[in-house]
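The values are calculated or read from the model by the stated rules, or taken from the named source; none is laboratory data. What you see is a predicted model; the values in this text were computed from it and never measured. Using ideal geometry, Cβ is built from the backbone for each residue, glycine included, and neighbour counts are taken over all protein chains shown.
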Amino acid sequence: MQAVVLLSGGLDSATVLALARSEGFECYCLSVDYGQRHRAELGAAARVAKALGAREHRVITLDLNTFGGSALTDSEIPVPVGGIQDGIPVTYVPARNTILLSLALAWAEVLAARHIFFGANAVDFSGYPDCRPEYMRAFETMANLATKAAVEGAKLTLHTPIIGFAKADIIRRGRALGIDYALTVSCYQADGDGRACGRCDSCRLRRAGFEAAGGPDPTRYQTAEGGDTPRNLAGPR
């Protein structure tokens, strides 16, 4: 069976790729350079795809900086580092998941693949509207109305296997599948070497997940003014 796997280079999507491979899927990984603040995660995606035995890995380039509207695509909007707050954060990228899933859908139809895997998570994150289970169900319905393949009987399934997992559970599952999480980059503002800031929401959630899962945290952190890496930055969950 063939599947398209959206692969950002982060912890969640790496785990989803490993899960798909463990279920016997031949995986075609798709990453998107959409104008995010750094490219370190794209390098991580390439490493993860190779390490986990993807059949192919492609990167599509588009420019969501044209619209801005997010701290991840507009350099004038700072990435929050003060702790996770209620509400939808400024790191939400308007329509990003709809765009990513649509690109995956297009490739899946060309490949005659009936499966898409996506690392959406609705538990340990900030309430992005396009990570909700109801959105994923709606997209799957749309996909099966909009494509030639589905109209001709090749129904597509959108898999979101970690959507209800806490971060620690994702990590435990990935470790059991042999993932080297040192290959991944989750930080919203990683440096050129892929080292994490340790302060953004994504870093806080990742660090808290490793602490809850037990065992070492393989994340490479930036140092604070040449000193030790900041600790105890997990923040509220």
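Would you confirm, using the coordinates I've provided, whether Asn97 is among the polar types (S, T, N, Q), surrounded by 18 or more Cβ atoms within 10 Å (Cβ to Cβ), under 17 Å from the mean Cα position of the chain (by Cα) and more than 30 Å from Gly215 (Cα to Cα)? Judged against the criteria, Asn97 is a match.
So for the range 38-46 (the condition being closer than 24 Å to Asp191 by Cβ, touching a helix residue (DSSP H, G or I) at 6+ places or on another chain (Cβ under 9 Å), free of Cβ contacts under 8 Å to residues at least 60 places away in the same chain and surrounded by fewer than 19 Cβ atoms within 10 Å (Cβ to Cβ)), does at least one residue qualify? Within the range 38-46 (the criterion being closer than 24 Å to Asp191 by Cβ, touching a helix residue (DSSP H, G or I) at 6+ places or on another chain (Cβ under 9 Å), free of Cβ contacts under 8 Å to residues at least 60 places away in the same chain and surrounded by fewer than 19 Cβ atoms within 10 Å (Cβ to Cβ)), the answer is no, since none of the residues qualifies.
Within the range 66-85, the set of residues being at pLDDT below 85 and either outside any loop (DSSP other than H, G, I, E, B) or buried (at least 16 other Cβ atoms within 10 Å of the Cβ) (or both) comprises just one member, Ile84. If only residues of the range 175-203 that are surrounded by fewer than 20 Cβ atoms within 10 Å (Cβ to Cβ) and of a type in the set (Lys, Arg) are counted, the one that is farthest from Ala14 (Cα to Cα) is Arg195.
Every listed requirement among (1) buried (at least 17 other Cβ atoms within 10 Å of the Cβ); (2) assigned to a helix (DSSP H, G or I); (3) under 19 Å from the mean Cα position of the chain (by Cα) is met by Glu134 save one, (1). In the set (1) of a type in the set (Lys, Arg); (2) without any contact (Cβ under 8 Å) to a residue 24 or more places away in the chain; (3) within 22 Å of Leu62 (Cα to Cα), Arg96 fails one condition alone, (2).
Across the range 94-113, what is the number of residues that are part of a loop (DSSP other than H, G, I, E, B) and within 19 Å of Ala138 (Cα to Cα)? Qualifying residue count for the region: 2. Any residue at all in the range 20-30 that is under 14 Å from the mean Cα position of the chain (by Cα), crowded, with 18+ Cβ neighbours inside 10 Å and part of a strand (DSSP E or B)? Yes, the conditions are met somewhere in the range 20-30.
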